[in-house]
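Structure first, commentary second.
Rule-based calculations on the coordinates, nothing more; no lab input. Note that the structure is predicted; figures quoted are calculated from it, not measured. In this analysis, Cβ positions are derived from the backbone assuming ideal geometry, glycine residues included, and neighbour counts consider all displayed protein chains.
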Amino acid sequence: MVDTTLFAICTVIYLGVTMYLGYLGYRHTKGADDFMVGGRKVHPVVLGLSYGATFISTSAIVGFGGIAAQYGMGLIWLTVLNIGLGILIAFIVYGKKTREIGHKLGAVTFPDLMGKRFKSPFMQYATGILILLSMPLYCAAIIIGGAWFVSSTFQIDYTLALLGFALITAVYVVMGGLLAVMYTDALQGVLMLVGMTLLLVLTFASVGGVTGGFDNLAALSPQIPQNLQDGGLHSWTAMPDLGSNIWFTLVTTIVMGVGIGVLAQPQLSVRFLTAKDDRSLNRAIAVGGPFLLMMTGVAFTVGPLTNVWFWNNTGKIASVAAGGNADNIIPLYINSAMPELFVVMFLLVLLAAAMSTLSSIFHTLGTTAGYDLYKQITKKETPSKRITQIGMVIMILASVALALVMPSNIIARATAMFMGLCACAFLPTLTYGLYSKNPVALPAKLSLVVGAVSWFIWTVFVHTAEAKQLGICQALFGQVTLLGAPFNVIDPLIIGLPLATVALVIGILVTRTEDTSSDRTVGAD
Amino acid sequence: MGISDPWVILGYVLSIGLAIACIAYGFVKRNEGAEKNG
């Protein structure tokens with residue numbers, strides 16, 4: 001337990017500054033363009049920090065840090081993809097084109113961009129519906145991550161922590177729109193940067209230094225639980241055996257699922273629409289790359305090292321000390337191993353991480369419901385800011401309700417599922433839309449539908465991790481999955497993304513053939 | 001450094017290298033793209 005007075009003072013200061021920045025966002029929001037895309041003139045440093053802080057939630061720190069404690073340092077490959085794909089490729093290959101085309105078309109949301117780029121209402125509402133169906137799952141996972149740490153640290157009621165956390169974030173998002181979100185993101189990003197740097201330093205100090213810590217971790221290999229050893233993991237400082245069940249989970253679900261999925265996430269893509277010009281995006285890259293290194297790189301290094309601390313101090317490895325709940329490893333480690341002042345600070349870091357991601361998700365959900373779907377249903381040209389705010393409130397309530405009923409040990413899994421679906425449904429389509437001179441709707445529709453459906457089928461009927469929890473395959477066919485190893489450990493992304501790409505190519509070929517035929521017919525006439 | 005697996009070492013090298021590449025890219029291109037699109 002930490003000193004509640006100290007925590008209360010720090011939290012009041014933090015929330016006070018957050019609310020003030022939210023108020024600034026509210027004051028600077030004059031019209032719908034400000035509310036939806038920050039007036040398209042956001043400062044590069046704010047853009048870089050906001051992108052990074054939105055990218056990194058409690059899922060990355062608590063959820064994936066806990067997974068790293070179980071699966072070891074191989075998770076560092078997710079950091080490679082986070083920076084390489086999530087920043088460099090995302091900004092240079094996707095960001096600049098998204099900004100350029102988005103500005104030209106006047107797009108204000110991700111579904112709006114899809115609809116306008118392909119001149120297809122279907123693309124707008126299909127993208128919107130997919131977001132509204134899948135994003136609350138991710139949103140709930142983030143709420144759960146934030147609420148878990150607050151309730152476990154201060155021994156307060158979990159439901160109360162969850163509701164309070166969601167309410168505070170909702171207030172400034174609904175009132176101040178994207179400017180409030182990005183201003184607060186920047187503050188939260190700085191806090192996260194300081195906190196994670198201190199966490200790395202304090203962790204190395206507590207486990208015997210850099211080399212000593214990793215040596216101690218390697219020496220703990222015999223303590224790896226038997227089920228993990230049977231699955232192919234023999235050291236926390238090494239990758240699992242190539243082709244083993246844990247290798248497939250680590251590489252296909254965690255590294256590739258999350259790493260690739262980030263490229264087509266609606267709440268991140270909309271950040272590119274806020275940039276004034278390509279120069280802003282160039283400068284934001286210099287902020288985003290190091291930021292992600294210090295977030296996921298630290299989390300995936302500290303996670304495995306918690307085994308050393310727990311072993312030295314309790315005689316148990318991290319997962320055993322945390323009662324088998326991976327999501328509880330990092331919070332327990334912080335509470336047990338760190339100085340009180342840092343526990344308070346780290347709580348604020350986690351709150352900041354959760355709030356920065358949550359605020360963006362709330363904003364994306366709200367604009368999708370209150371702008372994109374409303375626009376398609378009512379056929380009104382531009383829904384008012386008030387309608388968008390009402391959409392936000394409805395989606396926030398739905399996400400909170402989902403968070404209250406979802407199991408607590410699902411943070412990392414829900415994150416991977418959301419990102420995997422985004423990649424399968426949106427990535428090939430978005431790439432085609434951005435890089436084709438005259439994109440047509442048919443290939444995009446085919447790709448979106450095939451990507452989403454194939455992801456869904458593999459998730460429900462083949463991939464054990466989700467199929468077991470959902471129970472649909474069991475109910476219909478009397479077995480957990482329809483296929484056995486190694487298929488049941490291959491992530492749905494690995495199936496859905498290539499199929500969506502093939503569907504896109506087929507659609508393009510069919511469209512070209514039709515065009516050629518009609519040209520010939522016209523020529524013959 | 002206490003880590004013997006080359007894949008894990010490569011992961012760390014690439015992570016740090018890519019972060020440095022981001023800084024370098026942002027610095028070198030810090031004034032590009034303003035006139036054309038701004």
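Points worth noting:
- For the range A:301-306, backbone phi angles converted through the Karplus equation (6.51, -1.76, 1.60; θ = phi - 60°) give residue-by-residue couplings of 8, 5, x, x, 5, 4 Hz, Gly and Pro being listed as x.
- Residues with amide H under 5 Å from that of A:Thr274, placed H, sequence gap 5 or more: none
- With 27 Å as the limit, the listed pairs A:Lys119/A:Lys276; A:Lys96/A:Lys379; A:Lys385/A:Lys445; A:Lys104/A:Lys385; A:Lys445/A:Lys468; A:Lys380/A:Lys445 have A:Lys96/A:Lys379; A:Lys385/A:Lys445; A:Lys445/A:Lys468 beyond it between alpha carbons.
- Shown for A:Val460, A:Val80, A:Val210: other C-beta atoms within 10 Å of each C-beta, ranked fewest to most, produce the order A:Val210, A:Val460, A:Val80.
- Rounded to the nearest Hz, the phi-derived 3J(HN,Hα) couplings of the range A:345-354 under the Karplus curve 6.51 cos²θ - 1.76 cosθ + 1.60 (θ = phi - 60°) are 5, 5, 4, 5, 4, 5, 4, 4, 4, 5, where x marks glycine and proline.
- Computed over the protein assembly as shown, the P(r) tail beyond 48 angstrom holds 8 percent of alpha carbon pairs.
- 13 Å Cα-Cα reach of A:Lys41 towards aspartates and glutamates, excluding residues that sit fewer than 8 places from it in its own chain: A:Asp33, A:Asp277, A:Asp278
- Separation between Cα centres of the range A:1-44 and the range A:294-308, rounded to whole Å: 29
- Kirkwood-Stokes translational diffusion coefficient of the range A:440-525, alpha-carbon pairs, 37 °C, 0.692 mPa s, µm²/s: 224
- If you sort the three axes of the alpha carbon gyration tensor as a ≥ b ≥ c, you get a/c of 1.5 or more for the range A:287-344 and a/b above b/c, which makes it prolate.
- By the count of other C-beta atoms within 10 Å, a proxy for reagent exposure, A:Ser454, A:Ser235 are ordered fewest to most as A:Ser454, A:Ser235.
- Distance from the range A:112-162 to the range A:331-346 (C-alpha centre basis), Å: 28
- Where the alpha-carbon atoms of the range A:337-483 are placed on the principal axes, they occupy 59, 49, 30 Å, in descending order.
- Applying the Karplus relation 6.51 cos²θ - 1.76 cosθ + 1.60 with θ = phi - 60° to the range A:207-218 yields 3J(HN,Hα) values of 10, x, x, 5, 5, x, x, 5, 4, 4, 5, 4 Hz, where x marks Gly and Pro.
- Qualifying trypsin sites (Lys or Arg not before Pro) for the range A:375-474 [loop in DSSP, other Cβ within 10 Å: at most 12]: A:Lys379, A:Lys380, A:Lys437
- Taking other Cβ atoms within 10 Å as a rough exposure proxy, A:Phe165, A:Phe149 sort from fewest to most as A:Phe165, A:Phe149.
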